[in-house]
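The values are calculated or read from the model by the stated rules, or taken from the named source; none is laboratory data. Everything numeric in this text was worked out from a predicted model, so none of it was measured. Neighbour counts run over all protein chains shown; Cβ positions are idealised from the backbone, glycine included. For accessibility, only protein heavy atoms count, side chains too; no ligands or nucleic acids. Shrake-Rupley method; radii C 1.70, N 1.55, O 1.52, S 1.80 Å.
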Amino acid sequence: MKLASLKSGRDGHLVVVSTDLAWYADAVHIAPSLQAALDDWDEIAPRLQALATDLEHDVIPKERFHEHDAAAPLPRAYQWVDGSAYVNHVELVRKARGAVLPESFWHDPLMYQGGSDEFLGARDEIPLADEAWGCDLEAEIVVVTGDVPRGVSSTDALSYIRLVGLVNDVSLRNLIPAELEKGFGFVQSKPASVLSPVFVTPQSLGDYWKDGKLHRSLMVDLNGAPFGRAIASDDCTFDFGVLIAHLAKTRNLEAGSIIGSGTVSNRDSAGGPGKPVADGGLGYSCIAEVRMVEKIQTGEMHTPFLKPGDTVRIEVRDDAGHSIFGAIEQTVRAA
């Protein structure tokens, strides 16, 4: 089952989307918003699934689904927490700002609490007030949970995942060091994140979803050229069960909590930091990584951060080449 929210009011207009992302059926007679559906998932989900089945069989009214009409599936959420499933990424980015990676990061997930009062739609522009802030993309996998009990195990935590999707966790890299020096984490350096047009139930992903990981390539294009093709299941130190259990160690999680994997990052076959797609590698899911690799290899960072007019596209496709979650496709604009 694939769900989306058309742009309408603060919380969007819930629709069920066909498997090929071509059509949608109105779902507001079942639940007015995705958050409302998540609040009563056990009762609502079977009715949404029945609607999705009727849509696939073409026995109910349907309308064309256009990704540019979609808001974020959850335009605002009760909780947005980003993790560090790909420690390779954390290590490289910390090196870029001269910080040492503690050994504990390999067995104790790093997490930060992000702003969840606004998520941008997948085709919304990225506003940038000052190019000197160092605007970067961060392509990630996200899950949405139901109500999760405090103290849940990492194995049991997987059963509370209701939906899977993508996020562009936009970062303002040049604002990060000064904020972290204060010891309280990200605030100004983390503007609104961007969610994929469609979220998908784990069951609908089939073998692409196993052991709390998405077993697909995360395709990132920058200004129309391949930038990243990292495999989301590879070099993933912590699966989503571990991330959820870490977050729920001392508190309950409310339905509609969004949890990110952190930037998807692969090492090269020799264990190095990875090579650009143009050089036969799997590339990168953020600009900070390629800049760090450049520094390692040449002593200088050459690739610029995003500037007004740049375009970013993030997508995952199935074996037949069809988009699974729809595409995050954005242009940076001067705010």
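Key figures
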read-out: Part-to-part distance (alpha-carbon centres) for region 296-335 and region 103-160, which is given in Å; value: 18
read-out: D (Stokes-Einstein, µm²/s), Kirkwood Cα radius, the chain, 0.890 mPa s at 25 °C; value: 122
read-out: Within the accessible area of region 3-155 (1.4 Å probe), percent carbon and sulfur; value: 48
read-out: Charge tally in the Cβ shell below 15 Å around A255, where Lys, Arg are +1 and Asp, Glu are -1, A255 excluded; value: -3
read-out: Proportion of all alpha-carbon pairs of region 7-52 beyond 15 Å (%); value: 40
read-out: Accessible area of region 74-207 divided out per residue, in Å², using a probe of 1.4 angstrom; value: 41
read-out: Rel. contact order, % - alpha carbon contacts under 8 angstrom, at least six apart, the chain; value: 22
read-out: For E300, solvent-accessible area (1.4 Å; no DNA, RNA or ligand), Å²; value: 110
read-out: Segment H215-I296, extension gain: residue separation times 0.36 nm, minus the distance between their alpha carbons; value: 26.2 nm
read-out: Computed magnitude of the charge dipole of region 1-90 (debye, nearest 20; Cβ of K, R +1, Cβ of D, E -1); value: 260
read-out: Cα centroid of region 204-278 to Cα centroid of region 1-34, whole Å; value: 25
read-out: Chymotrypsin sites (Phe, Trp or Tyr not before Pro) restricted to DSSP loop in region 178-251 with at most 12 other C-beta within 10 Å; value: F184
read-out: Using alpha-carbon coordinates, inclination of helix 87-96 to the longest axis of the chain, degrees; value: 40
read-out: Percent carbon-and-sulfur accessible area, region 205-335, ignoring ligands, DNA and RNA, probe 1.4 Å; value: 47
read-out: Cα lying deepest toward the dipole's positive end in the chain, options H66, P202, G115, charges on Cβ; value: G115
read-out: For the chain, built as a Gaussian network whose Cα springs stay under 10 Å, the top-fluctuating residue of D234, D26, D279; value: D279
read-out: FRET efficiency, 1/(1 + (r/R0)^6) with R0 25 Å, evaluated for E118 and N223 via beta carbons; value: 0.45
read-out: Label zone at E179, where the point sits 7 Å out along the Cα-to-Cβ direction: region 130-162 residues whose backbone N lies under 18 Å; value: 130-140
read-out: Difference of contour (0.36 nm per residue) and Cα-Cα distance, K249 to H68; value: 61.3 nm
read-out: Relative contact order, percent, region 1-59 [alpha-carbon distance under 8 Å, six or more residues apart]; value: 31
